[in-house]
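Data block below; observations after.
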Amino acid sequence: MLATALAAVGVAVGSGANFTAQSANPGNAFAAGTLTMSNSKDAAAILTASNMKPGDTATGTVDIQNTGSLAGTFTLTRSALNDSDNVNPMSQKLNLVVKDCGDFSAGTPTCDAADPNKYSGTLAAMTSTVALSSYAANEKHRYEFTVTFDSSADNAYQGDSSTATFQWNATQ
């Protein structure tokens, strides 16, 4: 009888109920951000100047905006340089200054003498990448390009021309 009672107690203890609980977090979603830009003069010249004489200056502006959702590091490069005269390349006598007129995500910017120069040198010498800055999402900058036909240019440069492409790049 004792053996039967002990067996009954063992079965009752061994088959006891356990409490459990659980929780779920459904709908976890992941999406990639974007790094895109707008260029107020996309596929067009920033500035053109014709009939220049030594000492003449021309100015143009362009607005570059980070239209993506991620911050990005923006740079500028010059490519596709073409001089009509390879013996006396005009690009070596075109003094270029690229100025960052600042962030103007709201309002209209002004380009002032105190604004930082991002590049200053001849068009021909602009052979490496120019660091601009890191732009937050939707940040917009105006850049002013000023080119001066060097006053030391002599008769060898009469009738010459130069063309170049400016490329804006952004990396995250």
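For the range 56-68, the criterion of a residue being surrounded by fewer than 15 Cβ atoms within 10 Å (Cβ to Cβ) and either closer than 18 Å to F166 by Cα or over 25 Å from the mean Cα position of the chain (by Cα) (or both) is satisfied by at least one position. Looking across S133, S105, S161, one residue alone is surrounded by 12 or more Cβ atoms within 10 Å (Cβ to Cβ) and touching a His at 6+ places or on another chain (Cβ under 8 Å). It is S133.
With respect to being surrounded by fewer than 17 Cβ atoms within 10 Å (Cβ to Cβ), under 20 Å from the mean Cα position of the chain (by Cα) and not in a loop (DSSP other than H, G, I, E, B), S120 fits the description.
Among the residues of the range 96-117, those identified as within 17 Å of I46 (Cβ to Cβ) and part of a strand (DSSP E or B) are L96, V97, V98, K99, D100, C101, N117. Which one of T73, T48 is without any contact (Cβ under 8 Å) to a residue 24 or more places away in the chain, within 30 Å of T108 (Cβ to Cβ) and either part of a loop (DSSP other than H, G, I, E, B) or under 32 Å from the mean Cα position of the chain (by Cα) (or both)? Only one candidate qualifies: T48.
Keeping to the range 86-102, report how many residues are touching a strand residue (DSSP E or B) at 6+ places or on another chain (Cβ under 6 Å) and either surrounded by fewer than 17 Cβ atoms within 10 Å (Cβ to Cβ) or at positive phi (or both). Qualifying residue count for the region: 2.
Values quoted throughout were computed directly from the atomic coordinates according to the rules given, and no laboratory measurement underlies them. This one's a predicted model, so the numbers in the text were calculated from it and none came from an experiment. Methodologically, a virtual Cβ is constructed for each residue, glycine included, from the backbone with ideal geometry; neighbour enumeration extends over all protein chains shown.
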